[in-house]
Structures are given as C-alpha cells and as structure tokens.
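Notes follow once the structure below has been shown.
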Amino acid sequence: MTTIALMLAVQAPGTPTPGDDIVVTGERLTREAARRYVNDISRPVNDQLPAFRNPVCPTVIGMPEENAAVIVERVKKVAKYVGVKVGKPGCATNFRIIVVEDAQAFVSELHRQKPVFFAGMEKSEIDRLMKDQRPALAWSAVQTQNEDGQVYADYSSGKGQFDRAHGNRVSASGVPTDSESEGAAADVGRATPGGKTQRNMSASIIKSSTQQAILDSYVVIDSAAANGKTLMQVADYAVMRALAAAQPPAEATGVDTILTLFNDGGETPPSLRAPDVAYLKALYSASPTLNKMAQLNRLTKAVLETSPEEPAGAGK
C-alpha cells in the first residue's frame, strides 16, 4: 500500500524529472577507497558479476501512475546512458520497483506463495534476504549461460528455466537443485536429453566460458522510507540495485553512492553519484565472460578515474 504521505512527497514541486543530468562531479578518491567500494557492493555469482543481457523493461508498482511513469523514464534514461538496452513499448517486464507498507513482510509472503520469483538464487542468498530488516530489499534472478547466451532446459517436463542451475541454487518449485542430476549446470558442455549440448568455445586466465545473465530484478521499498525521497532518488537507487545486482555497502567506504539512500543518518545522496555511474558503465562495456577478479579490477579502475586530478602545486 502507498501512504498519503508518500504520494504527497513524490508529487512535491521540487521533484526532479527524467531530464535532469545523470553525470555528477566526482570526489577525490584513494585506490583503497575505490577498491573497498567495488568489493563491498558487488555480489559475484559463480565467480562472475551478473548483468542484464536482454533489454531491460522496468515497471513501478504501488505508486500513482504519473509518478511511476517518471521513475520508469528515469530508469530508461540511465540504462541507455550506461550501455544497457531498453525494451520497446509493450515489452515483458523484467525489472520491478515495488513500494509497499512493509517490504520485509511483503518479500516473506511472496516467497511463501510464489517461490518462482526467487528461482535461481542460492539458498544462502534467500535466507539472507528473508532476514534483512532494511527498508529497501532487492534481489535478482540470475541464469548461467555460455558465451553466446545459450542455455538449455527441459520445459516439457514441467521444469523451470533455473532447474539447470548450480546445486546450491533454487528451482522454480523452491527446492534446491541437485548438481548431480541430469543436465545440471555444474556439468556445462555435457549432452542433454535430445542430444543438445551447451557449448563453451573459449576460456582463458581472465575469461570464463560462461556468463551470468540477470533475467529479472526486484526492488521492494517501504513506503515510509520512500516518504520524503524524490522520484529521481528512488529511480537511481533502484537502478544500482537492479542493473548491477549491487548491495548497499556494509559500512562506510569513503565513496559517495546512491546505495546509502536508505541508511540511517548521514547525508542523503540526491541522485546517482559519479562512482555509481562509472561502475555501471564499466560493467556493461566489459566482456560478459570476464572472471570476477578481472571484472573487479576493471570496475575499481573506472571508479578511481572519477576522482578529480589533484590541482597543480597542491601539497607543496
């Protein structure tokens, strides 16, 4: 449910529109701060960082239609700017921003009634999500694919697209998959029923023969926490949580980020910050088959480059 206070807040005259700038001025960073920021917000899957491979198609649930439309347009604008394809009108939704009275209660009930929405997640991830008491929760359904984006699953048997996932992952029925079962992704390249094989043509020290594709992302926000936030803030926060499957930093990293929007105390970031934009652009301009360490190093370099150069003569 959306509270009256929330509706008033998001309709405030000062609310930014999708036409506002995306790029912001960077702050001076150390390499250690950039590295800590990247490592803290990143959530690797099977030793790689997940990202959308299909066009993103956002929608907003639980807000007035006119406000939802502003958020959707902002999400699309940012997505295009950082190199993410955007779905055409009428596309199938794969990015949901949901505003409810109690995010934790909503997510718990959704998991109980519709475990399919959590398919592909590791059980430990689901357990952590169910225990998370923060006012904004997010998760992504991730699928392991080969470098060509191919994955095979036996839909005729009633199994879901995640039934071929790693043994610690959860199937569409909500039951952990068996990594030793026929067609498990742990046996990538093995023949599947019907003679199909997931082919993996390349691999190297810095590259894998697979990629981690985000199929669906969900961002659920307490209406009380959203109260007083601008539409731009809500949209930009959701962008980082969904497009990068990023998590808010566990502690201060010394880097300004929209991911601290719902933290208690401290300054509230007005929009995506320079490190956030750099992170997204570096993630989506990289080869999707890079391994975790190569990706993290690349992202750290990109974030560090947002730091303004020290003025000539400084420190002398």
Of those in region 198-219 that are at pLDDT below 60 and among the aliphatic types (A, V, I, L, M), the residue nearest to L290 (Cα to Cα) is A203
The correct count of residues that are under 25 Å from A225 (Cβ atoms) and part of a helix (DSSP H, G or I) in region 253-301 is 9
Among the numbered conditions (1) surrounded by 17 or more Cβ atoms within 10 Å (Cβ to Cβ); (2) at pLDDT below 95; (3) part of a loop (DSSP other than H, G, I, E, B), tell me where M63 comes up short. (2)
Matching residues, region 211-246, being assigned to a loop (DSSP other than H, G, I, E, B) and surrounded by fewer than 24 Cβ atoms within 10 Å (Cβ to Cβ): N227, G228, K229, T230
Residue check for M1: at pLDDT below 95, outside any strand (DSSP E or B) and touching an Asp or Glu at 6+ places or on another chain (Cβ under 8 Å): yes
Give just the number: which of (1) part of a helix (DSSP H, G or I); (2) at pLDDT 90 or above does A186 not satisfy? (2)
List every residue pair whose Cβ atoms sit under 8 Å apart, with the two residues 6 or more apart in sequence or on different chains, where the first one lies in region 45-60 and is within 10 Å of V75 (Cα to Cα) and in contact (Cβ under 8 Å) with a residue 40 or more places away in the chain and the second, anywhere, is part of a loop (DSSP other than H, G, I, E, B) and of a type in the set (D, E, K, R). V56/K85
Considering R96, R128, which residue is surrounded by 18 or more Cβ atoms within 10 Å (Cβ to Cβ), under 23 Å from M240 (Cβ atoms) and of a type in the set (K, R)? R96
Among what's in region 265-300 and is in contact (Cβ under 8 Å) with a residue 60 or more places away in the chain and of a type in the set (V, I, T), pick the residue that is nearest to R241 (Cα to Cα). V277
Would you please list the contacts, defined by Cβ atoms under 7 Å and residues six or more apart or on different chains, that run from a residue in region 66-94 that is without any contact (Cβ under 8 Å) to a residue 60 or more places away in the chain to a residue that is exposed (fewer than 15 other Cβ atoms within 10 Å of the Cβ) and part of a helix (DSSP H, G or I)? V86/K80
Across region 70-115, which residue is nearest to the chain's Cα centre (by Cα) among those that are farther than 25 Å from D132 by Cβ, assigned to a loop (DSSP other than H, G, I, E, B) and among the charged types (D, E, K, R)? K85
Is it the case, given these coordinates, that V24 is part of a loop (DSSP other than H, G, I, E, B) and either of a type outside the set (G, A, S) or at pLDDT 95 or above (or both)? yes
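The values are calculated or read from the model by the stated rules, or taken from the named source; none is laboratory data. Remember, it's a predicted structure, so these values are computed and weren't measured experimentally. Counting neighbours? That spans all protein chains shown, and the Cβs are built from the backbone with ideal geometry, glycine included.
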